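The values are calculated or read from the model by the stated rules, or taken from the named source; none is laboratory data. Note that the structure is a prediction, hence the values are computed from the model and not measured. Here the Cβ positions follow ideal geometry from the backbone for every residue, glycine too, while neighbour counts run over all protein chains shown.
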Amino acid sequence: MKIALKVTPGARRNQLLGWEPNYPGIGRVLKLKIAAPPIDGRANKAIELFFAELLRIPKSSVHIVQGSSGHIKLLEIPDSTDLSLLCL
């Protein structure tokens, strides 16, 4: 399954901000602040680790499949993942 993310890197702490229902051109996105800087892929690795821990799934099953250099990213996780842990 894929989840669209709107990411702000370099934040004071990692934080889910909630769903934005009508992001222009995309639709529903999950807004996220991540503490890692957007340098050498650090923020992307931190996003994958953050979601693996949050969703209690292996790190190897979480991948950014689109948007590695932008604020809008597409995150892929297993279809069987329990998304109730993302309820905000």
Test of understanding: among ALA43, ALA36, which residue is crowded, with 16+ Cβ neighbours inside 10 Å and assigned to a helix (DSSP H, G or I)? ALA43
Residues satisfying the stated conditions in segment 17-45, i.e. more than 13 Å from the chain's Cα centre (by Cα), under 18 Å from GLU76 (Cα atoms) and β-branched (Val, Ile, Thr): ILE26
Can you name the residue in segment 1-26 that is small (Gly, Ala, Ser) and touching a strand residue (DSSP E or B) at 6+ places or on another chain (Cβ under 7 Å) and is also modelled with the lowest pLDDT among such residues? GLY18
Does segment 46-57 contain at least one residue that is among the aromatic types (Phe, Trp, Tyr) and either within 11 Å of the chain's Cα centre (by Cα) or assigned to a helix (DSSP H, G or I) (or both)? yes
SER60 vs. criteria farther than 17 Å from ALA11 by Cβ, surrounded by fewer than 12 Cβ atoms within 10 Å (Cβ to Cβ), of a type in the set (Ser, Thr, Tyr) and modelled with pLDDT of 95 or more: yes
The number of residues in segment 39-57 that are aliphatic (A, V, I, L, M), over 17 Å from GLN15 (Cβ atoms) and touching a residue at least 12 places away in the same chain (Cβ under 8 Å) is 1
Give me a count of the residues in segment 1-25 that are among the hydroxyl-bearing types (Ser, Thr, Tyr) and surrounded by 16 or more Cβ atoms within 10 Å (Cβ to Cβ). 0
Keeping to segment 69-84, report how many residues are surrounded by fewer than 16 Cβ atoms within 10 Å (Cβ to Cβ) and more than 11 Å from the chain's Cα centre (by Cα). 8
